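A.B. asks: Have a look at the structure that comes next, please.
Where a number appears in this text, it was derived from the coordinates with a stated rule and is not lab data. Predicted model, so just to flag it, every value in this text is computed and none were measured. Note: ideal-geometry Cβ built from the backbone for every residue, glycine included; neighbour counts use all protein chains shown.
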Amino acid sequence: MRFVDTLAKSTKQIKHQNMFKIESKDVHLHYGAFHALKGINMSIEKNTVTALIGPSGCGKSTFLRLFNRMNDLIDDVRIEGKCLIDGKDIYSKEVKIDDLRKRVGMVFQKPNPFPKTIFENVAYGLRVNGISHKSFIEERVERSLKQAALWDEVKDKLKKSAMALSGGQQQRLCIARALAIEPSVLLMDEPASALDPISTAKIEELIYELKNDFTIIIVTHNMQQAGRISDTTAFFYLGELVEVDSTKKIFTNPNDTRTQNYITGRFG
Amino acid sequence: MLSSIVTTLTVLLIIVFLFSEGLSVFKESPLEGDNIIVLNHHNTVSHITSSDIKDIFDQNITNWKSLGGSNDSIILFTFNDIGNYFSEEELGPEFEFLPAKMDSLLESENGMIAVFSSKYLIKNHKSKVIQADNITPYSFLTGKEWFPTANPAVQLGVLPLILGTLYVSFVAIIFALPVGLATAIYMAEVADEKTRRVFKPVIELLAGIPSVVYGFFGLIVIVPLIQSTFHLPVGETGLAGSIILGIMALPTIITVSEDALRNTPRSMKEASLALGATRWQTIVRIVIPYSYSGISAAAILGIGRAIGETMAVLMVTGNAAVIPHTLLEPVRTIPATIAAELGEAPANGIHYKALFALGCILFLITLTINLWVEFSSKKRRFGK
């Protein structure tokens, strides 16, 4: 664990027992008859990167999508247990789903920019939130694109279609788009899996930078990537959370043999 | 392979037949039967159009000067006033003296004009026989008078019919598009699977109702409603036709635009929702713009459906061949004209051929619309 985190932990621990940014308490999720998540307990600290790993269909993406309630879009989903962000149950009746999603940004597996201009893509989240102040939007778009390390590449063609960008640029645009509404949590569902190695490296660098301002959960199939960018790693298998620990521990000395087998490439 | 050749040939054959019949209207004399126009031999006018003939008979033109002739007032002879000129004895029991009398009558006054059958023309006549000009494509398309059975010269101006058709169809789409689009959005984005399973067959059923039933419905329900709402002498108006056509175009609009809306990638919608947009914002800002060309194709196809519709409009629009100025006037469309008049038009006469020419115009309109759809859907494929 890095020094800053340790420091933050020790100071906060004194004030409050519950200092986790995100918590899930015994979460079960059913798709119809399929039991996709089986009693997941996990706590995630503020300003950390948590990697979710595991073989396909293990429930890691489903778990990720719990936190911005994207699973709600699917028919016939049943969720039990508690998901807390900043100590509040995001599935309680008082929470408005679009307000939650403004606080919890998401980047998807495939770059999915809107067929609009680069500028309008980044401004979209602001506009749907009722912001129409022109200079404010311009400022925020520029800042988000800079945060996503895309500004220098697109500053001269903001009025061009986002569809003309390369895959890696599109994905960074999607990150900028998510950042523009200033969420506190960023969910990333295999954000680099559709990209070439150079673009992947850029995204990874970016994630490392973004950790200072956001709490990041990232699903990845790439073990090296998880090792490079995350502070904590969680291994999912068949809908269960097998093991969650510091990334260093998981990759060098996991407790569970299944984790050991997976990260050494014996299955998955 | 064979079947597609047969289909293609059939379509080509129909088009060739339609155009060969339709275009021959421009080779026909607008005069009925073997009628001829006879003038005084001093008259310098040598040809005359069918609308000039009408104006002369309606006494809108009263001097030959307006037709490029000398300054003589026009004296029109019609067979109705033959008794004013000659007694029965003078004409003979079998009208055998009529040709000679006609000739001398026409020579008696410089401004005289008569239209009569060529069998009453005496062989060595002094009077001057002139031709009525054939209908030109220009006067056919821009003429405002549609009197295909007028005597002595037919008036074939199809502008009111073209305008009537377009007018009724476009207004129908203005009614149908918001309703159809709303339904399509509901079906594609809002309704759950159960509701969809109920609504989808109902909408498809709407497409299966025979048009004459729609016409009947319009005549019994909508026409009286319009009549009493707007206090009109008759309720059979363009508005009634538009409403009925709008209902008939709904299934096309709903089905095509629903397909287009469904084509919006899930990832786009998820991206929008993940940014905190509500479902409604996502529909308005992402789904509709994304399916814009599909929706416009739906509208164009709906217009196409409305333009070709015959029976229902024939029953409810009142069929007056005048250029419509408001929605509350009767209008007459091209298909309704063809359906109503073809049975009464003598085969191979000018009226008959004019109806085929109307068919050609209708074909060209719908062809344009289909090409338009083709073009806009191509743009969708490559533009995005």
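A.B. asks: Can you give the FRET efficiency for residue B:174 and residue A:146, using 1/(1 + (r/R0)^6), R0 = 60 Å, r = Cβ-Cβ distance, to the nearest 0.05? Provide the component values of the computation, followed by the final result.
C.D. replies: Details: r = 47 Å, r/R0 = 0.79.
Using R0 = 60 Å, I get an efficiency of 0.80.
A.B. asks: A further question follows. Would you mind computing the Rg to Rh ratio of segment B:35-133 from its alpha-carbon coordinates, Kirkwood style for Rh?
C.D. replies: With Rg and the Kirkwood Rh in hand, the quotient comes to 0.96.
A.B. asks: How large is ³J(HN,Hα) for each residue in segment A:202-213, as worked out from phi by the Karplus curve 6.51 cos²θ - 1.76 cosθ + 1.60 (θ = phi - 60°), to whole Hz, x for Gly and Pro?
C.D. replies: Result, rounded to whole Hz: 4, 5, 5, 4, 4, 4, 4, 5, 5, 4, 5, 10.
A.B. asks: With each run of n ≥ 4 DSSP H residues scored as -39500 (n - 2.57), what mean residue ellipticity at 222 nm is computed for chain A after dividing by its residue count and rounding to the nearest 500 deg cm²/dmol?
C.D. replies: Details: 11 runs with 103 residues, N = 268.
Calculated at 222 nm, the ellipticity per residue is -11000 deg cm²/dmol.
A.B. asks: Label residue B:122 and residue B:195 with points 7 Å out from Cα along Cα→Cβ: what is the distance between them in nm?
C.D. replies: 8.7 nm
A.B. asks: Report, in debye and to the nearest 20, how large the dipole of the protein assembly as shown comes out about its Cα centre when Lys and Arg carry +1 and Asp and Glu carry -1 on their Cβ.
C.D. replies: Numbers: 65 positive and 65 negative charges, 925 e Å.
Magnitude of the dipole: close to 4440 debye.
A.B. asks: Which FRET efficiency value, to the nearest 0.05, do you get for residue B:266 and residue B:149 by plugging their Cβ-Cβ distance into 1/(1 + (r/R0)^6) with R0 = 56 Å?
C.D. replies: Numbers: r = 61 Å, r/R0 = 1.10.
Once rounded, the FRET efficiency stands at 0.35.
A.B. asks: Computed on alpha carbon atoms, what radius of gyration and Dmax characterise segment B:255-377, expressed in Å?
C.D. replies: 21.2, 70
A.B. asks: Please compute the Cα-Cα pair-distance distribution of chain B with 20 Å bins starting at 0, giving whole percents from short to long.
C.D. replies: 22, 41, 25, 10, 2, 0
A.B. asks: Averaged across A:224-233, how many Cβ atoms of other chains sit within 10 Å of each residue's Cβ atom? Let's see the in-between values first.
C.D. replies: Working: counts 0, 0, 0, 0, 0, 0, 0, 0, 0, 0.
Whole-number average of other-chain Cβ neighbours for A:224-233 is 0.
A.B. asks: Given segment B:35-133, what count of lysine pairs have C-alpha atoms under 20 Å apart, with each pair 8 or more places apart or on different chains? Write out the running numbers ahead of the final one.
C.D. replies: On the way: B:54/B:65; B:54/B:128; B:65/B:128; B:101/B:119; B:101/B:123; B:101/B:126; B:101/B:128; B:119/B:128.
So the count of such lysine pairs works out to 8.
A.B. asks: Ok, one more. Taking the Cα centre of each part, how many Å lie between segment B:242-284 and segment A:55-87?
C.D. replies: Measuring centre to centre over Cα atoms gives 27 Å.
A.B. asks: Tell me the label-point distance for the pair residue B:90, residue B:375, using the 7 Å Cα-to-Cβ offset, in nm and rounded to one decimal.
C.D. replies: Label at residue B:90, label at residue B:375, 6.6 nm between them.
A.B. asks: Mind checking the angle between helix A:3-15 and chain A's longest principal axis? C-alpha axes, 0 to 90 degrees, to the nearest 10.
C.D. replies: For helix A:3-15, the angle is close to 70 degrees.
A.B. asks: Which value does Rg/Rh take for segment B:159-383 over its C-alpha atoms, Rh per Kirkwood? Could the numbers behind the result be given before it?
C.D. replies: Working: Rg = 19.8 Å, Rh = 18.9 Å.
Radius of gyration over Kirkwood radius for segment B:159-383 works out to 1.05.
A.B. asks: While we're on this one: Under 12 Å from a label point 7 Å along Cα→Cβ of residue B:3: give me every residue in segment B:185-214 with its amide N that close.
C.D. replies: none
A.B. asks: Using a 7 Å offset from the Cα along the Cα-to-Cβ direction at both residue B:363 and residue A:252, what is the distance between the two label points in nm, to one decimal?
C.D. replies: 8.5 nm
A.B. asks: Now a separate question. Excluding residue B:49 itself, what net charge comes from residues whose Cβ is under 10 Å from its Cβ, given Lys and Arg +1 and Asp and Glu -1?
C.D. replies: -2
A.B. asks: Whole angstrom only: what separates the Cα centroid of segment B:48-82 from the Cα centroid of segment B:1-40?
C.D. replies: A separation of 32 Å, based on Cα centres.
A.B. asks: Which whole DSSP H helices in chain B pass both tests: a Cα extent of 18 Å or more along the axis and a mean Kyte-Doolittle value no lower than -0.5?
C.D. replies: Details: long enough: B:2-23 (31 Å, 2.10); B:159-185 (38 Å, 2.17); B:193-208 (23 Å, -0.09); B:238-262 (34 Å, 1.28); B:292-308 (24 Å, 1.18); B:350-383 (48 Å, 0.75).
Length and hydropathy pass: B:2-23, B:159-185, B:193-208, B:238-262, B:292-308, B:350-383.
A.B. asks: Give me the angle, in degrees from 0 to 90, between the Cα long axis of helix A:118-128 and the longest principal axis of the Cα atoms of chain A, rounded to the nearest 10.
C.D. replies: 70 degrees
A.B. asks: Same structure, new question: Rounded to the nearest 5, what is the percent of antiparallel bridges among the DSSP beta bridges in the protein assembly as shown? Working shown, then result.
C.D. replies: On the way: 36 of 59 bridges.
In the protein assembly as shown, DSSP labels about 60 percent of beta bridges as antiparallel.
A.B. asks: Please name which of A:195, A:20, A:246 has its Cα lying farthest along the dipole of chain A towards the positive end, using unit charges on Cβ (Lys, Arg +1; Asp, Glu -1) and the Cα centre as origin.
C.D. replies: A:20
A.B. asks: Antiparallel versus total DSSP beta bridges in segment B:35-133: what percent is that, nearest 5? Don't skip to the end; give the middle numbers.
C.D. replies: Values: 9 of 14 bridges.
Just about 65 percent of them are antiparallel.
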